[in-house]
Amino acid sequence: MSEMLSVAKAARVLGISRRKLQRQMEQQGLETFEGAVSMNELFRVYPDIETLLAETTENSRMRDRVKAIQEAALLHGYGHEEQEVDVLEGRLKKIRLALLHSEEEKNLQTAKVTTMALALEQAEMKAEHYLEVIEEMNVRLLKLKSCCNDKQKASLSQMIDWLSVETRH
């Protein structure tokens, strides 16, 4: 059996008034049981509710802030008119969209940082490998120098000195 939500809680999740949800439920034939509606029914009629239910803690804090603003508006007498409720609902939807966009942007930036970190790690591994190759080349040149004539030894000494200077950078 699907999880049940009270009509009031379902309305909060959807970001609409309970009264508006009840009207929509009647119009769309949403089944209820003792003042509660099943999640399956909500998913059927409101397919985007999954996104709303998956809100992060940051989104929850923003929702609490919006709720406080709505309650403050009600205390000042603005919440009784349908037009004011619609304005608040519109603002709430805009805030939700902004939150979804910022979450997507954060995920994109995280992916970019991860990609860059992997590229850096690969570059460091290559650099370390090249240093090992250069050290081994130096050892082999020194061995080769011991079995050459004087002219070849001078040339190898110049090459070893050059290699030593260049690898210090």
Of the residues in the range 1-40, how many are under 20 Å from I95 (Cβ atoms) and not in a helix (DSSP H, G or I)?
3
Here the qualifying pairs (Cβ atoms under 7 Å; residues six or more apart or on different chains; first in the range 9-26 and surrounded by 15 or more Cβ atoms within 10 Å (Cβ to Cβ); second polar (S, T, N, Q)) come out as A11/S17; M25/T32
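Rundown of residues vs (1) surrounded by 11 or more Cβ atoms within 10 Å (Cβ to Cβ); (2) in contact with a Cys (Cβ under 6 Å, 6 or more places away or on another chain); (3) touching a residue at least 24 places away in the same chain (Cβ under 8 Å), yes/no style:
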{"residue": "E104", "(1), (2), (3)": "no, no, no"}
{"residue": "N107", "(1), (2), (3)": "no, no, no"}
{"residue": "A111", "(1), (2), (3)": "no, no, no"}
{"residue": "L118", "(1), (2), (3)": "no, no, no"}
{"residue": "E124", "(1), (2), (3)": "no, no, no"}
{"residue": "N138", "(1), (2), (3)": "yes, no, yes"}
{"residue": "L142", "(1), (2), (3)": "yes, no, no"}
{"residue": "K151", "(1), (2), (3)": "no, no, no"}
{"residue": "W162", "(1), (2), (3)": "no, no, no"}
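If you scan the range 69-81, which residues turn out to be part of a helix (DSSP H, G or I) and either at pLDDT 80 or above or loosely packed, with under 10 Cβ neighbours inside 10 Å (or both)? Write out each step before concluding.
Looking only at the range 69-81, we keep the residues that are part of a helix (DSSP H, G or I), and these are 69-75.
Within the range 69-81, just L75 meets the criteria.
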Can you spot a residue in the range 91-109 that is among the hydrophobic types (A, V, I, L, M, F, W, C), modelled with pLDDT under 90 and farther than 30 Å from I69 by Cα?
yes
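Confirm whether T57 is of a type in the set (S, T, Y), at pLDDT below 90 and within 17 Å of R12 (Cα to Cα).
Taking the combined requirement at face value, the residue satisfies it.
The values are calculated or read from the model by the stated rules, or taken from the named source; none is laboratory data. Nothing here was measured: the structure is a model prediction, and the numbers come from that model. Here the Cβ is made from the backbone with ideal geometry for all residues, glycine too, and neighbour counts use every protein chain on show.
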